[in-house]
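Report on the structure given below.
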Ligand code: GDP
């Protein structure tokens, strides 16, 4: 059954001042909108909730966090008490003093309602800043926020800062880090990936959520952004190829018949999410001009294993696939007991 999950509903709430980029982030991450098209979306004025039901059930709530927000905060505190992370979006291209004041009072409410909440600050729209400016902004914002918390005597707040932009992969990486902190089985997943790599001649392995391209875990070998980008592009290509000859492109109402295969996301028909492969798990293999082999296999719960191998591993592909079967079984076990 699909009730077996890591956590009933780890939730992520997203807040920030108007025009900070919240809607854009959600559209790009979860609805496959092209970054430039976000110029035309309407700004958040009322609290909106979008639920993304994939391997980890989470909701992204956008609350238009204005300075005057006492009333909204009463609702928000209830939400904070049941969520794992609060993402706060700061527009780095704008004067951010107002944002910092807003963020500060939100943190006080959030921590009051839920001392274990992870505060994740997205220093956003950094595509418009030079490399130096980015680091300056990060240093300045980190300093101001942590100083204020110290003044309040709050020393145990879990707070992280991420430089993000919807025009590159930084937003996916930041989101991945946020989600990873909410997965209790992360260490086990990383161990499983390490073992898989060691025994199968795989150089790098990622476990991705196909729908959002958030990576849930990777093995402990070093990771670089180009590798990550290749993998996310490969997911897109594989999903597109798979949908090419799909009989019915529009997903039917989500029905899960088998824990083995994902059969659609809860709300995929209404929000323009790419149709996630129905029924038979997707997979593909490709050889790049530099000899690197890309290998993708869908696992459980909308997750895909994406591996990079050298061409020397190709003759042993049967062994690799055999090991991957074990890996898949281990994942299933993990979510059954989770
Ligand atoms: P919201 O009110 O917080 O939901 O903000 P919106 O999502 O409506 O975004 C406001 C504006 O910021 C839009 O014109 C977006 O195109 C722009 N925007 C969002 N993200 C980025 C980004 O990463 N870089 C740049 N340069 N602009 C962005």
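The values are calculated or read from the model by the stated rules, or taken from the named source; none is laboratory data. Just so we're clear, the structure is a prediction, and the values are computed from it rather than from any experiment. FYI the Cβ positions are ideal-geometry reconstructions off the backbone, even for glycines, and counts take in every protein chain you see.
Would you confirm whether any residue within segment 38-58 is assigned to a strand (DSSP E or B), within 10 Å of the ligand (Cβ to nearest atom) and at pLDDT below 85? Scanning segment 38-58 turns up at least one residue that is assigned to a strand (DSSP E or B), within 10 Å of the ligand (Cβ to nearest atom) and at pLDDT below 85. Looking only at residues in segment 174-202 that are within 22 Å of residue 292 (Cβ to Cβ) and touching a helix residue (DSSP H, G or I) at 6+ places or on another chain (Cβ under 7 Å), the one that is surrounded by the fewest Cβ atoms within 10 Å (Cβ to Cβ) is 199.
Does segment 215-222 contain any residue that is under 21 Å from residue 31 (Cβ atoms) and in contact (Cβ under 8 Å) with a residue 12 or more places away in the chain? Spell out the reasoning first.
If we filter segment 215-222 for residues that are under 21 Å from residue 31 (Cβ atoms), which is where we start, we get 215-216.
Retained after the next criterion (residues that are in contact (Cβ under 8 Å) with a residue 12 or more places away in the chain): 215-216.
The answer is yes; a qualifying residue exists.
Selection of strands (runs of 3 or more DSSP E) fully inside segment 84-197 by the criterion of at least 3 residues being within 16 Å of the ligand (Cβ to nearest atom), under 23 Å from the mean Cα position of the chain (by Cα) and closer than 20 Å to residue 19 by Cβ returns 85-91, 118-124.
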